[in-house]
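Trainee: Following this message is one structure expressed as structure tokens.
Nothing in this text is a laboratory measurement; each read-out follows from the coordinates by a stated rule. What you see is a predicted model; the values in this text were computed from it and never measured. Every residue, glycine as well, gets a Cβ built from its backbone with ideal geometry; the counts of neighbours run over all protein chains shown.
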């Protein structure tokens with residue numbers, strides 16, 4: 001079966017949990033979380049939950065584990081905490097939960113980012129993979145980066161990814 005046939009059979013509507021990881025964002029100023037939700041809904045997907053948590057690995061991991069146990073959620077999209085600053089710990093909070101890593105996601109994200117921010121693209125620890133039968137993606141905390149990852153990488157493949165993971 002070719003790529004086009006796989007896409008034709010891909011589950012078109014997926015339920016997504018959105019998690020913003022930030023010590024400073026609130027519901028009023030979380031442009032990244034708002035952007036992710038709007039793009040998902042515009043693409044016909046459903047936002048099953050939306051949460052903002054401080055950049056505390058234990059809190060992020062506990063929340064993620066709870067969302068992974070939710071049978072209604074197909075995909076978890078995190079944003080924030082993927083850089084190199086001392087408080088950036090999203091990667092550490094999720095990496096051990098990933099049963100399968102999708103290395104190409106981070107590689108492609110950094111390649112596309114390079115066109116916009118130059119060598120600073122290598123500072124991103126954007127990552128994706130599969131945990132407990134769900135797609136998990138961790139995006140940077142910059143709105144331009146969120147838009148890039150969503151429009152160029154996740155949205156075009158989201159239904160197909162869920163189909164592949166679910167079998």
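Trainee: In region 60-90, which residues are more than 12 Å from residue 137 (Cβ to Cβ) and part of a helix (DSSP H, G or I)?
Mentor: Of everything in region 60-90, those that are more than 12 Å from residue 137 (Cβ to Cβ) and part of a helix (DSSP H, G or I) turn out to be 60, 61, 62, 63, 65, 66, 67, 68.
Trainee: Restricting to region 40-84, what's the tally of residues that are within 22 Å of residue 148 (Cβ to Cβ), out of contact with any strand residue (DSSP E or B) (no Cβ under 8 Å at 6 or more places or on another chain) and surrounded by fewer than 16 Cβ atoms within 10 Å (Cβ to Cβ)?
Mentor: 3
Trainee: Right, next: Take residue 14 and tell me if it is touching a residue at least 24 places away in the same chain (Cβ under 8 Å), surrounded by 14 or more Cβ atoms within 10 Å (Cβ to Cβ), touching a helix residue (DSSP H, G or I) at 6+ places or on another chain (Cβ under 7 Å) and closer than 18 Å to residue 156 by Cβ.
Mentor: yes
Trainee: Same structure again: Could you list, in sequence order, all residues of region 127-164 that are assigned to a helix (DSSP H, G or I), free of Cβ contacts under 8 Å to residues at least 40 places away in the same chain and closer than 21 Å to residue 93 by Cβ?
Mentor: Matches in region 127-164: 145 only.
Trainee: In addition: Which of the residues that make up region 99-126 are within 23 Å of residue 167 (Cα to Cα), surrounded by fewer than 16 Cβ atoms within 10 Å (Cβ to Cβ) and touching a residue at least 12 places away in the same chain (Cβ under 8 Å)?
Mentor: Hits for region 99-126 are 99, 100, 101.
Trainee: Quick check, is residue 23 over 20 Å from residue 134 (Cα atoms) and more than 13 Å from the chain's Cα centre (by Cα)?
Mentor: yes
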